[in-house]
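Okay, structure first, notes after.
The values are calculated or read from the model by the stated rules, or taken from the named source; none is laboratory data. Every value quoted in this text rests on a predicted model; they were computed, and no experiment measured them. Here Cβ is always computed from backbone atoms with ideal geometry, including for glycine, and neighbour counts include all displayed protein chains.
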C-alpha cells in the first residue's frame with residue numbers, strides 16, 4: 001500500500017501544473033531573476049520582463065540596467081507611462097529607502113490617474129550590485145493594488161540576484 005501511495009504522489013507531482021514562472025533578467029547574461037504567477041500575462045522585453053494581472057488591474061515591468069544607464073531607463077519608463085495616459089500628482093510623491101532581499105532600494109511613488117481613473121504609480125530602483133541595477137515600473141488601480149497585495153508581495157520577495 002505504501003508503494004502505491006508513493007507512486008501516486010509521484011505521478012500527481014508531475015501532473016500538477018506549475019503556478020509560477022521564473023524569468024532571468026536580462027535573459028542573456030542574467031544577474032537577477034523574478035518569479036511571476038502563471039495566470040499573469042507576462043512577456044520578455046528588452047532587458048527584462050513586463051507583466052499584467054489577469055484582470056488587467058496591475059502592470060509592472062522589471063528591467064536591467066547599469067548605474068551609467070539608469071537615468072535613460074527612468075526616462076524611458078516615464079515616457080512609457082505617459083504614452084499609456086498615466087499622469088502623476090507631484091504633490092503626492094513619496095520616497096522610501098530600504099532593502100529587498102538584501103539589495104539596497106529606493107522607491108518613489110505617486111497617486112495619479114490613467115484612462116480609467118485613479119492610479120497608484122511607482123518607480124523602484126534595486127541595486128543588485130554597485131553597477132547592476134533593476135528598475136521596476138509599477139502602475140495599478142488602487143483596487144488592483146489591494147486585490148493583488150499578496151501576489152505582489154510574493155513577486156517582490158522573489159526578486160533575487162543570480163551572480
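Could you please find all residues in the range 101-132 being closer than 15 Å to residue 57 by Cα and exposed (fewer than 14 other Cβ atoms within 10 Å of the Cβ)?
Within the range 101-132, 115, 116, 117, 118 qualify.
Give the range 43-52 a look and list any residue that's in a loop (DSSP other than H, G, I, E, B) and surrounded by 13 or more Cβ atoms within 10 Å (Cβ to Cβ), or say none.
47
Keeping to the range 114-154, report how many residues are assigned to a loop (DSSP other than H, G, I, E, B) and either over 16 Å from the mean Cα position of the chain (by Cα) or within 19 Å of residue 42 (Cα to Cα) (or both).
The total comes to 7.
If I filter the range 65-76 for residues that are touching a strand residue (DSSP E or B) at 6+ places or on another chain (Cβ under 8 Å) and either in a strand (DSSP E or B) or within 24 Å of residue 150 (Cβ to Cβ) (or both), do I get at least one hit?
There is at least one residue in the range 65-76 that is touching a strand residue (DSSP E or B) at 6+ places or on another chain (Cβ under 8 Å) and either in a strand (DSSP E or B) or within 24 Å of residue 150 (Cβ to Cβ) (or both).
If I filter the range 77-100 down to residues being touching a strand residue (DSSP E or B) at 6+ places or on another chain (Cβ under 6 Å) and in a loop (DSSP other than H, G, I, E, B), which single residue comes out as surrounded by the most Cβ atoms within 10 Å (Cβ to Cβ)?
Among them, the one singled out is 86.
Could you tell me whether residue 55 is over 22 Å from residue 161 (Cβ atoms), modelled with pLDDT of 95 or more and outside any strand (DSSP E or B)?
It is true that residue 55 is over 22 Å from residue 161 (Cβ atoms), modelled with pLDDT of 95 or more and outside any strand (DSSP E or B).
Return yes when residue 162 is touching a residue at least 60 places away in the same chain (Cβ under 8 Å), within 17 Å of the chain's Cα centre (by Cα), closer than 23 Å to residue 25 by Cβ and surrounded by fewer than 13 Cβ atoms within 10 Å (Cβ to Cβ) and no when it is not.
yes
Given the conditions (1) farther than 15 Å from residue 151 by Cα; (2) surrounded by 10 or more Cβ atoms within 10 Å (Cβ to Cβ); (3) modelled with pLDDT of 90 or more, which single one is not true for residue 40?
So the condition that residue 40 fails would be (1).
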